[in-house]
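Everything below concerns the one structure shown next.
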Amino acid sequence: MKSKKCVVIGVSGGIAVYKALDIISALKKQDVDVRVIMTESATEFVTPLSFQSLSQNMVATDMFAEPKAFEIQHISLAQKADLMLIAPATANIIGKVANGIADDMLSTTIMATKAKVIFAPAMNTNMYENVIVQSNIEKLISYGYEFITPGSGRLACGDVGVGKLADVNIIVNKVLEELNKATKKQDLKGKKVLVSAGPTIAQIDPVRFITNRSTGKMGYNLAQEAKDRGAEVVLVSGPTSLENPKGVKVINVNTNDEMKDAILEHFHNSDIVIKAAAVADYKPKEYSTQKIKKGDGDLNLVLTRDNDILKLLGDKKTHQLLVGFAAESNNVIENAKKKLEKKNLDFIVANDITAKETGFGSDDNKVIIISSTGEKKELDKMSKKEVASNIFDTILEKR
């Protein structure tokens, strides 16, 4: 994050108050300026001093306390906030805001801010599922407020069900994502971006198939990055366990043929096409409609070449900027350059799949971006989210 952003955290009274300390600690590590407002009931669970120590800022609790400077505190905090997070958010604070009640420091500041406000509810299952609470949540969502769905499990009261404060990492990642969006340059606004991700499968019989170890993480991060930068994004994805990127049209496919057809359907209208999927190069020559039974001897499978989708796109491209990936186990740069030229790409992103910390399944990557004009940009180990940002920065510089 290039400039320090301010997050105002509203802490309302509930047993999950102590988890807000972990949220603050995680945000401070990301160089976020954290300001805290506590309701009176929240101070019964954890003292303001704990929040003051972690946030390194004074904690606001009382609307009528004598100010430390000549400012109206709830207005000052409302203006400082780049984002407000209410965690934990009780049924009480949700109900107040939904019905326009501003009778303490927290509810008044929420009313006064123009920043995005995110609620992370935490309460007893019966309270959370109560029709009044759900109606208040729906009303606030319709007004543009956002909610982080609580988790399920054993609650402090002994009940089991939904109502636990969402995992701290989920909350922190949501906050950082929103801050990132606020500062993200919109250099892809008006552009159409097509991304492929994940593996494909080649069926052997109704039970068995051939696939690979791709998780789709790189392609999903590329799709989200493009969307955050203003693009209209289509993501063609093989089977993954990932959550769909927000605001992105996702087309789920399984086989090479299905991926080819989905990509070609959107290719001609796309401005930037990034093929990050690990597509099966071979498939069984014959598909058995019945499960192949185990015999005494070996099973021999004859494989035949499948579609080379990237080569097909390279032959068809007109105005599109085409980016491919080269997952190599040896001679990384040399093999990537050959692929770049053979498939008529504008850029290729090469990585060593044998690297222990950045291979398949890792959240990090270490890549080399090579252009058709010969420039190379080597990126040290970083998150795949950061790699995605660097890829777009690089290709747009040359556009």
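The values are calculated or read from the model by the stated rules, or taken from the named source; none is laboratory data. Every value quoted in this text rests on a predicted model; they were computed, and no experiment measured them. FYI the Cβ positions are ideal-geometry reconstructions off the backbone, even for glycines, and counts take in every protein chain you see.
Each row is one residue, and each column tells you yes or no for (1) in contact with a Ser or Thr (Cβ under 9 Å, 6 or more places away or on another chain); (2) within 28 Å of residue 352 (Cα to Cα); (3) modelled with pLDDT under 95.
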position	(1), (2), (3)
224	no, yes, yes
233	no, yes, no
244	yes, yes, yes
249	no, no, no
252	yes, yes, no
262	yes, no, no
269	no, no, no
281	no, yes, yes
Quiz item: Would you say residue 323 is more than 17 Å from residue 193 (Cβ to Cβ), buried (at least 21 other Cβ atoms within 10 Å of the Cβ) and touching a helix residue (DSSP H, G or I) at 6+ places or on another chain (Cβ under 7 Å)?
Solution: no
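Taking the stated definitions as given, is residue 236 crowded, with 17+ Cβ neighbours inside 10 Å and within 30 Å of residue 303 (Cα to Cα)? It would help to see each step written out before you state the result.
Details: crowded, with 17+ Cβ neighbours inside 10 Å: yes; within 30 Å of residue 303 (Cα to Cα): yes.
For residue 236, the condition - crowded, with 17+ Cβ neighbours inside 10 Å and within 30 Å of residue 303 (Cα to Cα) - is met.
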Quiz item: Which is assigned by TED's automatic domain parsing to the domain that holds residue 238, out of contact with any strand residue (DSSP E or B) (no Cβ under 8 Å at 6 or more places or on another chain) and under 22 Å from residue 256 (Cα atoms), of 316, 283?
Solution: 316
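Whether any residue in the range 336-351 is under 27 Å from the mean Cα position of the chain (by Cα), acidic (Asp, Glu) and farther than 26 Å from residue 319 by Cβ is what I want to check.
No, the range 336-351 contains no residue that is under 27 Å from the mean Cα position of the chain (by Cα), acidic (Asp, Glu) and farther than 26 Å from residue 319 by Cβ.
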Practice problem: Among the candidates 141, 170, single out the residue that is loosely packed, with under 15 Cβ neighbours inside 10 Å, over 20 Å from the mean Cα position of the chain (by Cα) and among the β-branched types (Val, Ile, Thr). | Solution: 141
Self-check item: Only one of 302, 349, 332 that is surrounded by 17 or more Cβ atoms within 10 Å (Cβ to Cβ), in the same structural domain as residue 212 (by TED's automatic domain parsing) and touching an Asp or Glu at 6+ places or on another chain (Cβ under 8 Å)
Solution: 332
